[in-house]
Amino acid sequence: MEVHAPHTLQEALRLRAEHPGARPIAGGTDLMVALNAERERPAALIDLGRVPELRGWRYESDELVLGAALTYTEAAGGEVASALPALAAASRTVGSPQIRNRGTIGGNLGTASPAGDSLPPLLVEDARIELAGTSGRRTLPLGEFLIGPKRNALAADELVVAIRVRPSRAPQTFMKVGPRNAMVISICSLALSADPERGELRAAFGSAGPVVGLVTAPLDEAESFAEQVVAAASPIDDVRGTAAYRRHALGVLTRRALARCLV
């Protein structure tokens, strides 16, 4: 297996176009598991760890731009956590400290698993995903970027380069259910915000449908909102839990999240 190590975004995009069968790798917390288990064997890897344009975060006017290589550790603290508290809470639940130091938000998007912990908080905040290829850049709403279980809208020559969010500053939280508190893939997860300026409740759930789902309702429908979230889910039975349990857990999580945010 060839490993390419670009030092600029332009070089990374050129390699991506020249090697359509290659897999991009940043932290490797998803891909290395698949490689070690021999579930995947790409012809080449493109190591994005040396590309400075993908790191860090910045503000552009009122828009917070998160580099695709932003780690969970970076998202869990500082100004990013102040602007996006649900994303920070989700980031703190990911794996171990070592995994949080390596795993990236862009990698979570690239994997596009419905169990991805960063996805519900980003969907609640109307995040847009910035993609770049040799022919230019484009942005997609997160709901359009995720098109199926572990499927996204990336073209063969594109990379995720950034996540763009206008922080709502609304009260928000993140919760998930698993067989233990750490080092676990969620049985189901939920990010919820209660925005008094928009008069709106927003909830995004993970591991309860083929993609992360979003439910919105007026604030005055808080009493029935848990039932609305449960009705919107389409969970399956798998090794981690049954569909019935996931529906029950989503209802519990929604009611608990509402109690946190409506104070």
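What the table below lists for this structure:
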read-out	value
Residue satisfying condition, being within 21 Å of residue 260 (Cβ to Cβ) and not polar (S, T, N, Q), within set 120, 141	120
Conditions (1) farther than 19 Å from residue 104 by Cβ; (2) surrounded by 13 or more Cβ atoms within 10 Å (Cβ to Cβ): number failed by residue 146	(1)
Index of the failed condition, residue 131 passing every other in (1) open to solvent by less than 20 Å² (accessible area, probe 1.4 Å); (2) in a helix (DSSP H, G or I); (3) not acidic (Asp, Glu)	(2)
Residues of segment 86-100 that turn out to be touching a Phe, Trp or Tyr at 6+ places or on another chain (Cβ under 8 Å) and over 16 Å from residue 183 (Cα atoms), as a count	2
Every residue from segment 176-186 that is open to solvent by less than 20 Å² (accessible area, probe 1.4 Å) and at pLDDT 95 or above	none
Subset of segment 148-164 [under 13 Å from the mean Cα position of the chain (by Cα) and of a type in the set (Gly, Ala, Ser)]	162
Only one of 201, 258, 250 that is open to solvent by less than 30 Å² (accessible area, probe 1.4 Å), closer than 12 Å to residue 124 by Cβ, touching a Phe, Trp or Tyr at 6+ places or on another chain (Cβ under 7 Å) and touching a residue at least 24 places away in the same chain (Cβ under 8 Å)	201
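The values are calculated or read from the model by the stated rules, or taken from the named source; none is laboratory data. Predicted model, so just to flag it, every value in this text is computed and none were measured. So basically every Cβ, Gly included, is an ideal-geometry build from the backbone, and we count neighbours across all protein chains shown. For the accessible areas, the whole protein counts, side chains as well, though only heavy atoms, and no ligand, DNA or RNA atoms are used. Shrake-Rupley method; radii C 1.70, N 1.55, O 1.52, S 1.80 Å.
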